[in-house]
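The values are calculated or read from the model by the stated rules, or taken from the named source; none is laboratory data. These numbers come from a predicted model, not from an experiment. Every residue, glycine among them, receives a Cβ derived from its backbone with ideal geometry; neighbour counts consider all protein chains shown. The area values use the complete protein model at the heavy-atom level, side chains included, leaving out ligands, DNA and RNA. Shrake-Rupley method; radii C 1.70, N 1.55, O 1.52, S 1.80 Å.
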Amino acid sequence: MSHRVTLIPGDGIGPELIAAVRRTLEATGVAFEWDLQPAGAECVPTEGTPLPPRVLDSLRANRVGLKGPITTPVGTGFRSVNVELRRALDLYVNLRPAKTYPGVPRPIHDVDLVLVRENTEDLYMGLEFERGSTAVAELSALVERHAGRTFPLDAGVSLKPISVSGTRRVVRFALEHARSHDRRHVTVGHKANIMKYTDGLFLEVAREEARGYPDVAFDDVIVDNLCLQLVQRPQQYDVLVLPNLYGDIISDLCAGLVGGLGVAPGANLGDGIAVFEPVHGSAPAFQGSGRMNPTALLLSATLMLRHLGERTVADRLERAVARVLVEGRAVTRDLKPPSAADQGATTEEMADAVIAAFRAGLAC
Ligand code: NAD
């Protein structure tokens, strides 16, 4: 059976990474029917937007997408193309595994956790009011009426809505994911001691949901302590579930623990719809270098293969990537020790090595 997948090369370093990963996926023998959908900076002159409606239509029809990063251009009306895409398709889960692969230079060993970030609410909703605006004056008066004190009129204001329904669905996903992926422990990160009606709600709803999963251990941690614990003893965590902003920040911290953005995959998931993409952005300064690390997108592609029911191929492809990483020869510069004199492999050379390891069925 052929899988029809929306393929979004993105911009910056996206197209060169997508080309290498597409070639690798085709070499696995799985049949794909790619629905190529350009998005990003190149679409602005011709279509007036970096996110043309045809891209969303294609994803709605195909239900699965593989996406390169997209630069957020200044002054097009979107705060972020990526945030808008997640909002428009209600991709409410952002799944970001962080796993140590031997061979990758990293500060800490034996990390294997999955971060589940709420993807649609919180400060990312873009409900912002500029300092000096009428809206800020009205908000200030409203707050004074309800709270008996208010904020200065020269403040800018960003709203942080966190809902019961939005929290329930992402926490339920984390608990189900733990169950179905042989993980045994879910931890919710929050700042409920300070923000009782937002983070407090997130924690309360998470506790309620966890009662329905007695086979999954559940606890919580204040997010600043979580940063400390992750740096000192990340092995104590299995599945983390976090509101949007903390999830964004902590997932970069987790990427750093396992070797950097070049090895950090991700998936945006909704009900019956999924878009797979690396955690990293479009790194415009490196566009055209042909030397960026394809690992994050390759590992995102293994998540996609599993989602498509191609578990055996996904496992074999992940083992092939792991083999290339542990050998350390055909890897890009960011995966070489800082003292290494050579330039490292090109993106395409690294993909060639992964394809060869896949074909040979080599395990690390
Ligand atoms: P970035 O992730 O693009 O780059 C930060 C640094 O990480 C780079 O300078 C590079 O040193 C390193 N890096 C990133 N990807 C790498 C790879 N594959 N291999 C090796 N090294 C890699 O972050 P940024 O510079 O903050 O963002 C650039 C643009 O990307 C912005 O417009 C931002 O909005 C956008 N962005 C898009 C996404 C997305 O499409 N999902 C995510 C994050 C940022």
Condition met for residue 314 (assigned to a helix (DSSP H, G or I) and within 7 Å of the ligand (Cβ to nearest atom)): no
Criterion violated by residue 113 - all others in (1) out of contact with any Ser or Thr (no Cβ under 7 Å at 6 or more places or on another chain); (2) within 24 Å of residue 280 (Cβ to Cβ); (3) in a loop (DSSP other than H, G, I, E, B) satisfied: (3)
Where residue 68 falls short, out of the listed (1) open to solvent by 30 Å² or more (accessible area, probe 1.4 Å); (2) in contact with a helix residue (DSSP H, G or I) (Cβ under 7 Å, 6 or more places away or on another chain): (1)
Answer from 220, 215 - the residue that is touching a Leu at 6+ places or on another chain (Cβ under 7 Å), in contact (Cβ under 8 Å) with a residue 12 or more places away in the chain and either surrounded by fewer than 15 Cβ atoms within 10 Å (Cβ to Cβ) or not in a helix (DSSP H, G or I) (or both): 220
Residue under evaluation residue 142, criteria (1) crowded, with 18+ Cβ neighbours inside 10 Å; (2) at pLDDT 95 or above, criterion not met: (1)
Only listed residue being more than 16 Å from the ligand (Cβ to nearest atom) and of a type in the set (Val, Ile, Thr), chosen from 24, 46, 6, 72: 46
Selected residue (criterion: most open to solvent (accessible area, probe 1.4 Å)) from residues of the range 53-65 that are within 16 Å of the ligand (Cβ to nearest atom) and in a helix (DSSP H, G or I): 56
Subset tally (residues that are open to solvent by 10 Å² or more (accessible area, probe 1.4 Å) and either over 12 Å from the mean Cα position of the chain (by Cα) or of a type in the set (Ser, Thr, Tyr) (or both)) for the range 258-272: 6
Positions within the range 198-248 being aromatic (Phe, Trp, Tyr) and more than 14 Å from residue 165 (Cα to Cα), in sequence order: 213, 218, 237, 246
Residue match in the range 246-256 (condition: touching a His at 6+ places or on another chain (Cβ under 9 Å) and within 11 Å of the ligand (Cβ to nearest atom)): yes
